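These notes are about the structure you will find just below.
The values are calculated or read from the model by the stated rules, or taken from the named source; none is laboratory data. Keep in mind it's a predicted model, so treat the numbers as computed, not measured. Counting neighbours? That spans all protein chains shown, and the Cβs are built from the backbone with ideal geometry, glycine included.
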Amino acid sequence: MAEKADDIFKEFKEHSISEFFNKNRQMLGYSSKVRALTTVVHEYVTNSLDALEEAQALPSITVRLDRIDEAKYRVIVKDNGPGIPKGFVGKALATVLAGTKFHRNMQQRGQQGIGAAGCTLFAQATTGKPVHVTSSTGDKAYECDVAIDTLHNKPILSNVADIDTAKVPQGLSVRGEFGGVKYDSSDHSVFEYLKRTAIANPHAEITFIDPDGGEHTFMRAVDALPERPKIAKLHPLGLSVSDLFEMAHSSQSGRVTSFLVDTFARFSQDKANEVKDTLKDIDFAKGPKELTWNECERMVATFKSMRWISPDATHIVPIGEERIEAALQNILSPESLHVIERKPKVFSGGFPFVVEAAIAYGGGSGRKVEGGYTGVIMRFANRVPLLFDSGSCAITEAAKSVDWRRYGMDLDSQAVSVFVNVSSVYIPYSGVGKESIAQEDDIIDEIKLALMDAARGVQRFISNKEHTKEYEGKYKTVMRYTSQLSQDLASITGRSKEGIEERLEKLVAKQYKKEDKDEGGGSDGKDNG
Ligand SMILES: Nc1ncnc2c1ncn2[C@@H]1O[C@H](COP(=O)(O)OP(=O)(O)OP(=O)(O)O)[C@@H](O)[C@H]1O
Ligand SMILES: [Mg+2]
């Protein structure tokens, strides 16, 4: 061996999490140029929507893109939210893995405390510039520049200045310059992202000023705030050994029993006794911090063998049938629209989720392509549009498994928009970029059922439409002969041609109306055709 361990390990170094993400930006969505720009907008807009939800106010968000050169853009995102107190701005926008959301079990768009700091990293890595922030919490306002000391994952604040609150509206405004990005009008770009955000958040007003100065406003389709999500407790069936071990070791409870009953959903005193009876050698009177890994392992195995009431799903806030309908009517004006909200279900034994699906047919649905239309699948998780990594997503998988032709539809050649939103406190994303939902069987099955249900509604509309067309054709053909027939009958009977013709027409119309009633089915969706 030429090199000794001591020599080799001279190179040994520790790295910070921001250094890691700076090197592995593609993991956060900063890969292709178009995607990178959409990712920046996505991170800021989801933060604004989360902040407004928490402040319980209707969002008005403005996104502005300025082209600096071919691959360099300025992004400005402004909201009317609560703002960020000065003491937290560095941690919030310039520290990776810091935020208000990671540690609580609540249905929010953001989870990890990476998004905004990732944008700051991306700005400084591609243009060398910090991100400029203006914030007003209503009673205090300031502006500053934020950057990240990547070696230590620490914020660097500069040019901090207080501003008169009368001079700035309440909320947060961020302005950054980003390189290696591009704006275009594809399905993966900022316009489509904001359009879909507006569809899934009909209570938000979103204005977009594109790089050519074009202004687009997605108006609010409903004025009522969505219900505020509640903090959820983990269900015993959704617990891993390390969850239990870590939660036990950070618990303030005095005894293992009270820790279990207070911390987890559906854990009654009776249930605690049942666990105690099964694991007689574990001391349930000791502090939870004293639980060993092995004891936690045996407890989790015991939980899995017990019967539990399913997890409570009241902390899940889906968009709601009426809101989806209002939003899709507002933005797509389809000929036919069918929205389905399924009841809460559970994946992996302990994680509740709700699927909502809609199919919009005709009107502004689908996408125009040369020579016609093509169908579009709009994927959402907790109301956030997922534009990338569609191949690995449970929604794509479910949509692919539906036999659309059976319902009279063809997603390759028709103006159809398929909408799916999965809501859960624990969306199983397939990566840190949060662009696709892991292919859990329970989730795929639910989406498929919802889609088939919505598809049946559209199928009724299509067959009614075809029937009406056929009926009109027949009616016209018969009517073509009534004039000649009336003439012949008049000459045989000696009565007036006009009188006979009028009665014949009435008779034909009556007969066809009757047939139409007998054959045509009803429809429970909104058909505008
Ligand atoms: N527009 C805003 N208004 C108020 N607070 C904000 C705003 N944007 C960010 N924050 C605060 O900054 C924190 C960090 O944001 P960041 O996007 O990095 O993480 P996150 O949203 O918690 O999780 P994720 O990484 O999944 O996006 C948030 O948790 C929130 O407390
Ligand atoms: Mg975020």
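Here is the figure for the stretch 279-294: residues that are buried (at least 18 other Cβ atoms within 10 Å of the Cβ) and of a type outside the set (A, V, I, L, M, F, W, C) total 1. Step by step: first the residues of the stretch 32-55, then only those that are assigned to a helix (DSSP H, G or I) and away from ligand 1 (no atom under 13 Å from the Cβ), then the one that is farthest from Pro202 (Cα to Cα). Which residue is that? It comes out as Lys33.
Hey, could you check the stretch 28-56 for residues that are of a type in the set (A, V, I, L, M) and more than 15 Å from ligand 2 (Cβ to nearest atom) and say which is nearest to Thr197 (Cα to Cα)? Explain how you work it out, then say what you get.
Of the stretch 28-56, the ones of a type in the set (A, V, I, L, M) are 28, 34, 36-37, 40-41, 45, 49, 51-52, 55.
If we keep only those that are more than 15 Å from ligand 2 (Cβ to nearest atom) too, we end up with 34, 36-37, 55.
On the way: Val34: 17, Ala36: 17, Leu37: 16, Ala55: 19 Å.
Across the stretch 28-56, the extreme among qualifying residues is Leu37.
Within the stretch 96-134, if we keep just the residues that are modelled with pLDDT of 85 or more and assigned to a loop (DSSP other than H, G, I, E, B), the residue that is farthest from ligand 1 (Cβ to nearest atom) turns out to be Gly128.
Look at Ala98 and say whether it is closer than 20 Å to Ile319 by Cα and either more than 10 Å from ligand 2 (Cβ to nearest atom) or out of contact with any strand residue (DSSP E or B) (no Cβ under 6 Å at 6 or more places or on another chain) (or both).
Working: closer than 20 Å to Ile319 by Cα: no; either more than 10 Å from ligand 2 (Cβ to nearest atom) or out of contact with any strand residue (DSSP E or B) (no Cβ under 6 Å at 6 or more places or on another chain) (or both): yes.
The answer is no for Ala98.
Just to be sure, is Gly83 over 22 Å from the mean Cα position of the chain (by Cα), crowded, with 22+ Cβ neighbours inside 10 Å, near ligand 1 (Cβ under 8 Å from one of its atoms) and in contact (Cβ under 8 Å) with a residue 60 or more places away in the chain? So Gly83 fits the description; yes. Does Gly499 qualify as being surrounded by fewer than 16 Cβ atoms within 10 Å (Cβ to Cβ) and either of a type outside the set (Lys, Arg) or part of a helix (DSSP H, G or I) (or both)? Against the criterion (surrounded by fewer than 16 Cβ atoms within 10 Å (Cβ to Cβ) and either of a type outside the set (Lys, Arg) or part of a helix (DSSP H, G or I) (or both)), Gly499 qualifies. Looking only at residues in the stretch 112-141 that are of a type in the set (Ser, Thr, Tyr) and over 15 Å from Leu172 (Cβ atoms), which one is nearest to the chain's Cα centre (by Cα)? Residue satisfying both the conditions and the ranking: Thr126.
Could you please let me know if Arg67 is buried (at least 20 other Cβ atoms within 10 Å of the Cβ), away from ligand 2 (no atom under 16 Å from the Cβ) and farther than 19 Å from Glu205 by Cα? So Arg67 fails the test.
Summed over the stretch 178-200, residues that are hydrophobic (A, V, I, L, M, F, W, C), over 21 Å from Ala125 (Cα atoms) and touching a residue at least 60 places away in the same chain (Cβ under 8 Å) total 5.
Can you list the helices (runs of 4 or more DSSP H) lying wholly within the stretch 222-324 that have 2 or more residues being in contact (Cβ under 8 Å) with a residue 12 or more places away in the chain and among the β-branched types (Val, Ile, Thr)? Show your work before the answer.
Numbers: elements: 241-249, 256-263, 269-278, 293-305.
Those helices (runs of 4 or more DSSP H) span 256-263, 269-278, 293-305.
If you filter the stretch 71-80 down to residues that are assigned to a strand (DSSP E or B) and of a type in the set (A, V, I, L, M, F, W, C), you find that the one that is nearest to ligand 1 (Cβ to nearest atom) is Val77. Going through the stretch 135-148 one residue at a time, which ones are of a type in the set (Ser, Thr, Tyr) and either touching a Pro at 6+ places or on another chain (Cβ under 9 Å) or near ligand 1 (Cβ under 7 Å from one of its atoms) (or both)? Once the filter is applied, which keeps residues that are of a type in the set (Ser, Thr, Tyr) and either touching a Pro at 6+ places or on another chain (Cβ under 9 Å) or near ligand 1 (Cβ under 7 Å from one of its atoms) (or both), the stretch 135-148 yields Ser135, Ser136, Thr137.
Within the bounds of the stretch 121-128, is there any residue that is closer than 21 Å to Pro59 by Cβ, within 14 Å of ligand 2 (Cβ to nearest atom) and in contact (Cβ under 8 Å) with a residue 60 or more places away in the chain? Walk me through how you get there before you give the answer.
Start the filter on the stretch 121-128 by keeping residues that are closer than 21 Å to Pro59 by Cβ, which leaves none.
No, there is no match, as no residue in the stretch 121-128 is closer than 21 Å to Pro59 by Cβ, within 14 Å of ligand 2 (Cβ to nearest atom) and in contact (Cβ under 8 Å) with a residue 60 or more places away in the chain.
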